Amino acid sequence: MKMSKGQMGRRLLGLAVAGVALVAGGTASAELGQPAPWEFRLQQSASPVMDNITWFHNFLTVLIFIITLFVLGLLIAVVVKFNARANPIPSRTTHNTLIEVAWTLIPVLILVGIAVPSFRLLFLELDIPKADLTIKATGKQWYWSYAYPDNGKFEFDSLMASDKQPRLLGVDNEMVVPVNKIVVVQTTGADVIHSFAVPAFGIKIDAIPGRLNETWFKATKTGVFYGQCSELCGKDHAFMPIAVRVVSDQEFAAWVETAKKKFASNPANSFASVGAAAQ
Ligand SMILES: [Cu+2]
């Protein structure tokens, strides 16, 4: 489809207006735990790690904005002050020790200022605290399986449910976790490399066959939080969503009881129940 210049202009203007409206209005209408149309910022945080990621992101954005303005100012100053017309007799200046020391030292200080919170965040993400609950998430072509070794050793499959909302994110069996508890997620891949990612919790970890990778989150809000497989894993890569339902302790205990019965017939649990019986 070809667009005339007028159409293109109107479309661009429309985009610009929408952009300004978004910046002004933010994404206040965005629902917790899922993406929203026209969203360009990070999803609303629901974990301490994501709080820190959001802070670091905003900090860097402000820093970049200031540096960009400063460089733009310098460029304009050079164009205006140091052009041939304004300087018929060119200056023969080649060195300025003070400026050279400053343009070395100031960037170093800026980088140190970025490195400190950056490493603090890395340690927060990678230094896994003591788990209240461990869940094993196995990536398969093309769905996830969740095992609860601490809660009766049951395991179940979680497949995208096309009749559920939000579109492409709803699943038949959600992963359920208690609120304000440290959940350690162990991931592995059963066939190829997948990646377990939930933006609102600030987690993304590769699920690799033959390896057990670990990450953690503490959900600070109840609700359903969605993510997607984030490593290209084959034809249905886009159709293996992750849905985590965060509930109260009591609701979690009740869910564990029903889940144990509901998933007892899952063939994946046959070895687990043998293991449980042997204990
Ligand atoms: Cu995948």
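Below is a table of values for the structure above.
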{"item": "Average accessible surface area per residue within the range 133-263, 1.4 Å rolling probe, Å²", "result": "42"}
{"item": "Contour excess over end-to-end distance, with Cα ends at PHE59 and ASN180 and 0.36 nm allotted per residue", "result": "40.9 nm"}
{"item": "Residues of type lysines that LYS260 reaches as a straight line, Cα spacing below 17 Å, ignoring anything fewer than 8 places off in the same chain", "result": "LYS136, LYS153"}
{"item": "Relative contact order of the range 133-263, defined on C-alpha pairs under 8 angstrom at six or more residues apart (%)", "result": "28"}
{"item": "Shape category assigned to the range 50-95 from the gyration tensor of Cα positions, a/c cut at 1.5", "result": "prolate"}
{"item": "Cα gyration tensor shape for the range 208-247, rounded if a/c is under 1.5, else prolate or oblate", "result": "oblate"}
{"item": "Protein accessible area in the range 34-180, 1.4 Å probe - carbon and sulfur %", "result": "68"}
{"item": "Loop trypsin sites (Lys or Arg not before Pro), the range 72-129, which have at most 16 other Cβ atoms in a 10 Å radius of their Cβ (DSSP)", "result": "ARG85, ARG92"}
{"item": "The range 97-183 shape via C-alpha gyration tensor axes, a/c threshold 1.5", "result": "prolate"}
{"item": "Cleavage-rule hits, chymotrypsin sites (Phe, Trp or Tyr not before Pro), the range 45-127, DSSP coil, Cβ neighbours within 10 Å at most 11", "result": "PHE82"}
{"item": "Gain on full stretching of the segment that runs from LYS262 to LEU133 - 0.36 nm per residue minus C-alpha separation", "result": "44.4 nm"}
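The values are calculated or read from the model by the stated rules, or taken from the named source; none is laboratory data. Source: prediction; values computed, not measured. Every residue, glycine as well, gets a Cβ built from its backbone with ideal geometry; the counts of neighbours run over all protein chains shown. All accessible areas refer to the heavy atoms of the entire protein, side chains included, with ligands and DNA or RNA removed. Shrake-Rupley method; radii C 1.70, N 1.55, O 1.52, S 1.80 Å.
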